[in-house]
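The values are calculated or read from the model by the stated rules, or taken from the named source; none is laboratory data. Nothing here was measured: the structure is a model prediction, and the numbers come from that model. Cβ sites come from the backbone with ideal geometry, for glycine too, and all protein chains shown count toward neighbours.
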Amino acid sequence: MTDSRATALDAADPLAAYREQFIRTDEVVAYLDGNSLGRPTKASAARLSDFVANSWGARLIRGWDESWYEMPLTVGDRIGEVALGAASGQVFIGDSTTVILYKLIRAALDARPERSEIVVDTDNFPTDRFILQGIAAERGKKLTWISPDSDAGVTADHVAAVAGPDTALVVLSHVAYRSGYLADAPRITQIAHDAGALVLWDLCHSVGSVPVELDEWGVDLAAGCTYKYLNGGPGSPAFGYVRAEHQATFRQPIQGWMGTAEPFVMGPEYEPHDGIRRFLSGTPPVIGMLAIQDMLELIADAGMNAIRDKSERLTAFVLELIDEKLVPRGVAVSSPRDPARRGSHVTIDHPSFAEVNARLWAQGIIPDFRRPHGLRLGLSPLTTSFEEVRLGVDAISAELP
């Protein structure tokens, strides 16, 4: 039944044609790791080649005056418009997610110097936790830990129980990297604000797959990578969001020349630029911003609501297959069942998955193994077919002991 249903779902999929916009090879039978690294677009392959030959090769240093200098802001504005619900002048492209998180956390804490606590959860991505541990030690702050269920995530009630007059900042992931739990960002943001705290959302596993409305939700700060659902390529630069009302008073700690009021004057003192540019540091990664632009145009054309609908249908189908073919074999579902609380990946657990995953990769079935014994099935709405999902689950079933 599920075999024929995959064919029917693909035939009825209004976004099916977008799959032809991406580079594919016969070597990969089913790609179920779009939440780690997105497929490249055909348009990006052409754009990169043209850039080397014409923009870099022909224009050389003149390219900075013609467009490159502004790219961290123009591409940032486009991400804000298409995927973040952010008006212009609030999003920049620059460093890795790690560095941007460091900048924004430090800026937020310095804006609340009288408050001593930072709220974070024990199941947040390691980078987020490690950065916060380092900054807390550096700045003499206390980390207040939320410990959510491993197959769920941080709820509004969790935050309400710990946010108080000493809370300076709440740092959470919109979609949990392990379970795929989708947090109630608007409500949690309001709870934090009611306590007088600032909020920073890590959007790495939601941007491009789940609608985000940073301006409408009143979010203070956000950061996220661009190589997952934004298909910017391995190591493509991250983005940061700083709400307009905070930009004049927040001072970021990595004071580089590209964030100064007059970068090319090369003056003796650091004077921050007005607006979002002050959050830049070093020379922007121009090549790294190229492929992001093509995926943003596909997202804009498809629309985030349609993308979210496809995501929910993909994850519902994979759960149907898991329940039918894997749960009776001892596999546990470690992601929310409620689609309203689920991002675009589903995690399953079984003691044999480390060995199973190695055999799957050898067959061209590519999920993502996460220790100690989890497989994440990351379903990218514009690139993943229902047939790929079926093939993937069938292969997992065949490899189980």
- Note on the structure: Only unsatisfied item for G94, checking (1) buried (at least 21 other Cβ atoms within 10 Å of the Cβ); (2) modelled with pLDDT under 95; (3) in contact with a Ser or Thr (Cβ under 6 Å, 6 or more places away or on another chain), is (3)
- Query: Since A291 meets every condition but one in (1) aliphatic (A, V, I, L, M); (2) within 24 Å of A11 (Cβ to Cβ); (3) part of a helix (DSSP H, G or I), which condition does it not meet?
  - Reply: (2)
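Regarding M289, is this residue in contact with a Pro (Cβ under 8 Å, 6 or more places away or on another chain) and in the same structural domain as V91 (by TED's automatic domain parsing)? Full working, then the answer.
Numbers: in contact with a Pro (Cβ under 8 Å, 6 or more places away or on another chain): yes; in the same structural domain as V91 (by TED's automatic domain parsing): yes.
It is true that M289 is in contact with a Pro (Cβ under 8 Å, 6 or more places away or on another chain) and in the same structural domain as V91 (by TED's automatic domain parsing).
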- Failed item, numbered, when G34 is tested on (1) surrounded by 15 or more Cβ atoms within 10 Å (Cβ to Cβ); (2) free of Cβ contacts under 8 Å to residues at least 60 places away in the same chain; (3) out of contact with any helix residue (DSSP H, G or I) (no Cβ under 9 Å at 6 or more places or on another chain): (2)
- Some residue of segment 4-24 being crowded, with 18+ Cβ neighbours inside 10 Å, touching a residue at least 40 places away in the same chain (Cβ under 8 Å) and among the small types (G, A, S): yes
- Query: Taking A86, is it within 30 Å of D215 (Cα to Cα), surrounded by 15 or more Cβ atoms within 10 Å (Cβ to Cβ), small (G, A, S) and in contact with a Gly (Cβ under 6 Å, 6 or more places away or on another chain)?
  - Reply: yes
- Lone unmet requirement of (1) over 23 Å from the mean Cα position of the chain (by Cα); (2) part of a loop (DSSP other than H, G, I, E, B) for R178: (1)
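Taking the conditions exactly as written (crowded, with 21+ Cβ neighbours inside 10 Å, of a type in the set (A, V, I, L, M) and outside the structural domain of D77 (by TED's automatic domain parsing)), does I276 satisfy them or not?
On the way: crowded, with 21+ Cβ neighbours inside 10 Å: yes; of a type in the set (A, V, I, L, M): yes; outside the structural domain of D77 (by TED's automatic domain parsing): no.
No.
Out of all the residues in segment 350-365, is one or more buried (at least 17 other Cβ atoms within 10 Å of the Cβ), among the polar types (S, T, N, Q) and in contact (Cβ under 8 Å) with a residue 40 or more places away in the chain? Lay out the reasoning, then the answer.
So in segment 350-365, the residues buried (at least 17 other Cβ atoms within 10 Å of the Cβ) come out as 350, 353, 356-357, 360, 365.
Those left that are additionally among the polar types (S, T, N, Q): 357.
Next, from what is left, pick out any that are in contact (Cβ under 8 Å) with a residue 40 or more places away in the chain: none.
No: zero hits.
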- Item | Enumeration of residues in segment 168-190 that are polar (S, T, N, Q), over 21 Å from I348 (Cβ atoms) and either in contact with a helix residue (DSSP H, G or I) (Cβ under 7 Å, 6 or more places away or on another chain) or surrounded by 24 or more Cβ atoms within 10 Å (Cβ to Cβ) (or both) | T189
- Message: within 18 Å of the chain's Cα centre (by Cα) and surrounded by fewer than 21 Cβ atoms within 10 Å (Cβ to Cβ): which single residue out of E245, E213, E269 fits that description?
- Response: E213
- With the condition kept exactly as written, say whether any residue in segment 50-69 is touching a Lys or Arg at 6+ places or on another chain (Cβ under 9 Å), under 12 Å from Y241 (Cα atoms) and not basic (K, R). no
- Message: Can you tell me which of (1) of a type in the set (V, I, T); (2) buried (at least 19 other Cβ atoms within 10 Å of the Cβ); (3) under 30 Å from G303 (Cα atoms) is the one T155 doesn't meet?
- Response: (2)
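In the set A316, A300, which member is surrounded by fewer than 21 Cβ atoms within 10 Å (Cβ to Cβ), of a type in the set (G, A, S) and within 26 Å of D151 (Cα to Cα)? It would help to see each step written out before you state the result.
Numbers: A300 fails: within 26 Å of D151 (Cα to Cα).
Exactly one of A316, A300 is surrounded by fewer than 21 Cβ atoms within 10 Å (Cβ to Cβ), of a type in the set (G, A, S) and within 26 Å of D151 (Cα to Cα), namely A316.
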- Selection from segment 259-281 of residues modelled with pLDDT of 95 or more and of a type in the set (A, V, I, L, M) yields A261, I276, L280
- Task: State all residues of segment 126-135 that are in contact with an Asp or Glu (Cβ under 9 Å, 6 or more places away or on another chain) and buried (at least 18 other Cβ atoms within 10 Å of the Cβ); if no residue qualifies, say none.
- Result: D128
- E312 is checked against (1) among the acidic types (D, E); (2) closer than 22 Å to R39 by Cβ; (3) in contact (Cβ under 8 Å) with a residue 60 or more places away in the chain and fails just one. What number does that condition carry? (3)
- Task: Among the residues of segment 227-254, write down those that are assigned to a loop (DSSP other than H, G, I, E, B) and out of contact with any Ser or Thr (no Cβ under 7 Å at 6 or more places or on another chain).
- Result: L230, G233, P234, G235, R243, Q247, A248, T249, F250, R251, Q252, P253
- Do you know which residues across segment 259-281 are under 20 Å from E66 (Cβ atoms) and either in a strand (DSSP E or B) or in contact (Cβ under 8 Å) with a residue 40 or more places away in the chain (or both)? R277, L280
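Are any residues in segment 297-323 part of a helix (DSSP H, G or I), closer than 29 Å to A17 by Cβ and not aliphatic (A, V, I, L, M), and if so, which ones? Talk me through it step by step, then tell me what you get.
Initial filter on segment 297-323 (part of a helix (DSSP H, G or I)): 297-302, 304-323.
From the residues that got through so far, the ones that are closer than 29 Å to A17 by Cβ too are 297-302, 304-322.
Those that are part of a helix (DSSP H, G or I), closer than 29 Å to A17 by Cβ and not aliphatic (A, V, I, L, M): E297, D301, N305, R308, D309, K310, S311, E312, R313, T315, F317, E320.
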